[in-house]
Amino acid sequence: MDAEVNLVLPLFLLSVMTANVVVIGAGVVGLSTAINIQRLVPSCSVTIVAEDVVDGTTSVGAGAIFRPTEEYLPGVDIQRARQWIRDGWEHFSSLALSEHSGPAGIAITPSFMLSRAEIKDPLYKDVVFTFHELSRDEMKKMGFDKHFSYGYLVTTIVITTKLYLVWLLKRFLQNGGKVEKRRVSNMNEFLGRYRIVVNCSAIGSRQLFGDKLIHPNRGQLLRVKAPWIKYCIYTDADAYIIPNQGLVAVGGSREENNYDISIDDKESKAILERCCKICPSLKRAEVDHVWAGLRPVRSPLRIEKEIIKVENDQLTVVHNYGHCSDGIALSWGTAVEAAGMVRDCLKCSSKL
């Protein structure tokens, strides 16, 4: 028996060592998943294939704050979601408290969560640094009581997405990863080249995999010059103010099934009006640029293995997409799970 084990183990290690894995998509989910595959299976070769890398992705424009909620996780088991949040918070908070925080665009930021209805035990409550419900007097002092009934002061993480994506890409490349910048049009191109295909193409999954459940939610935001704003305001009234490194993200909007990412000047004006009512100091801010993008919405968010038939062969695919507004916050946690699926798939295939 011992001799058999000693014979099988080297074969398994050799099989994994020579495994090629491809990740489709280079947004925050794709990059995070690729890095976690490198971490869990350090001997395999990982390639990212994407038309857009950092610039041009939806992730690069997001106004990112760590506050994942059940609202954007329909159909997901709550315990599974809590694991994603714990894993994500461990990653982001460790970065924020390390020497990498500046280059990675990660900042600990006091944040006011304002709502017209009571927020009862949000998913992020037990992981963030602090969570405090504002008293009526505190709401009045801040002027929040004019528009909202409830307020919470939360010490959490804010991410400057452009810096963070560049940091992730650099880490992936330093780990030996490769990038092919091109559009993926057909799964045939991966046959015989890769053991596992990891799909992080988000809305692109409609065309590549025929997924009719994935659809866009259009969002628009402005980035303004307001260095005096050092705290975040996030509301349930399509208004948020998130300080990044250098600029402040001011949003936002939500439009289901709208694929148009051209800038809507009327919407920009409406966003500023909504946010200036809550934070009057924004009235003096100079607009640097306006951005619009498509949030990938799916119910439920998809992380699963699928065997697909391609011509006379088949491909093993691990999906990880459909994060909607919680894409940045959930990216690391879901990447850990997806990378674990890749590792398990490689173990299974090596035994065949």
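The values are calculated or read from the model by the stated rules, or taken from the named source; none is laboratory data. Computed from a predicted structure; not experimentally measured. Glycine also receives a Cβ, built like all others from the backbone with ideal geometry; neighbour counts cover every protein chain displayed. In case anyone asks, the SASA skips ligands and DNA or RNA and just uses the protein heavy atoms, side chains included. Shrake-Rupley method; radii C 1.70, N 1.55, O 1.52, S 1.80 Å.
Observations
- A simple packing score, the average count of other Cβ atoms within 10 Å per residue, orders the peptides 90-96, 157-163 as 157-163, 90-96, with the highest score first.
- Charged side chains reduced to their Cβ positions (Lys and Arg at +1, Asp and Glu at -1) give the chain a dipole of some 520 debye around its Cα centre.
- Estimated distance in nm for a label pair at E306 and Q79, the labels positioned 7 Å out from Cα along Cα-to-Cβ: 2.7
- FRET E, pair S115, H289, Förster distance 22 Å, beta-carbon r, rounded to 0.05: 0.15
- Panel note: the C-alpha atoms of segment 103-262, placed on their principal axes, show extents of 66, 36, 33 Å (largest first).
- Computed over the chain: relative contact order in percent, which uses C-alpha pairs under 8 Å that are six or more apart: 26
- Phi to ³J(HN,Hα) by Karplus 6.51 cos²θ - 1.76 cosθ + 1.60 over segment 125-136, Hz, x for Gly, Pro: 4, 8, 10, 5, 4, 9, 9, 9, 7, 6, 6, 4
- Compactness index (Cα Rg / 2.2 N^0.38 Å), segment 41-144: 1.37
- For V310, nonlocal amide neighbours, meaning residues 5 or more places apart or on other chains whose placed amide H falls under 5 Å from its own, are L315.
- Length released on extending from I108 to A237, taking residue separation times 0.36 nm less the Cα-Cα span: 44.1 nm
- Between the alpha-carbon centres of segment 224-302 and segment 130-155 there is a gap of 21 Å.
- Amide proton proximity set for N258, modelled H, under 5 Å, gap of 5+: R218
- DSSP beta bridges confined to the chain are antiparallel in about 70 percent of cases.
- Taken as Cα centroids, segment 16-48 and segment 56-108 sit 19 Å apart, rounded to the nearest whole angstrom.
- A straight chain from K277 to K140 at 0.36 nm per residue would run longer than the Cα-Cα distance by 47.9 nm.
- Helices in the chain that qualify as membrane-span-like (whole DSSP H runs, Cα extent of at least 27 Å along the helix axis, mean Kyte-Doolittle hydropathy of -0.5 or higher) are 327-350.
- Charge tally in the Cβ shell below 12 Å around S331, where Lys, Arg are +1 and Asp, Glu are -1, S331 excluded: -3
- In this rough spin-label picture, where each label sits 7 Å from Cα along the Cβ direction, the R39-H100 distance is 0.8 nm.
- Taking 30 Å as the straight-line reach from the Cα of K146, the lysines in range (excluding those fewer than 8 positions away in the same chain) are K120, K125, K225, K230, K266, K269, K277, K283.
- Calculated on the alpha-carbon coordinates, the convex hull of segment 243-352 measures out at 166 cubic angstrom per residue.
- Rg over Rh, two decimals, segment 105-198 (C-alpha only, Kirkwood Rh): 1.25
- Working note: Karplus 6.51/-1.76/1.60 with θ = phi - 60° gives segment 285-302 the couplings 6, 8, 6, 8, 6, 10, 9, 9, x, 10, 6, x, 10, 8, 10, x, 3, 9 Hz, where Gly and Pro are set to x.
- Here the chain yields Rg over Rh of 1.01, to two decimals, using C-alpha coordinates and the Kirkwood radius.
- Accessible surface for D344 stands near 70 Å², nearest 10, in the context of the full protein assembly shown (1.4 Å probe).
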